[in-house]
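Report on the following structure.
Throughout, read-outs are computed from the coordinates displayed, never taken from laboratory work. What you see is a predicted model; the values in this text were computed from it and never measured.
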Amino acid sequence: MRKALLALLGVAMTASALAVASPPAAAAGRWCNASTCIKTYDSGTFHRNVEVQIMVSANMTVHGRVWNSATGWAVNTQVESFSGIRTYIGYTFPNRNFPVGSKLCAQGYQHLGGNNYRTLGLPCVTITR
């Protein structure tokens with residue numbers, strides 16, 4: 001029980017640190033945390049495409065979630081299962097402007113069965129002009 005609580009506390013502290021120290025997204029790019037990356041193709045406040053990339057081990061079922069910290073916009077990517085090691089790519093198409101200073105985040109999830117999930121990383125970028 002204590003080990004699980006410490007692990008949960010570690011995830012919460014990592015998420016808090018990311019919220020404070022997110023790199024700016026003035027240009028298209030790729031940012032990673034743990035086994036998950038967020039990739040943007042657009043610069044400035046308007047984003048057409050945002051990818052979630054998850055490094056997957058054998059026998060994993062995963063999906064991603066992309067969201068914006070200011071607008072409430074959020075979307076889940078497709079759930080996929082893998083028998084071998086590879087990189088999962090989930091595509092989202094926001095086609096919208098996000099407020100300057102807000103965070104665009106992606107979180108990777110491993111499905112553990114039932115309604116149980118394990119986070120695989122939480123990279124965020126700060127939207128700039």
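Dividing the convex hull volume of the alpha-carbon atoms in segment 17-129 by its residue count gives 88 Å³ per residue. Converting the Cα gyration tensor eigenvalues of segment 34-84 into ellipsoid dimensions via √(5λ) gives semi-axes, longest first, of 25, 12, 9 Å.
Each residue of segment 93-110 is assigned a 3J(HN,Hα), and the resulting list reads 10, x, 6, 7, 8, 10, x, 4, x, 7, 9, 9, 10, 10, 10, x, 10, 9 Hz, derived from the Karplus form 6.51 cos²θ - 1.76 cosθ + 1.60 (θ = phi - 60°), x at Gly and Pro. Here segment 40-75 and segment 108-129 have alpha carbon centers that stand 9 Å from each other.
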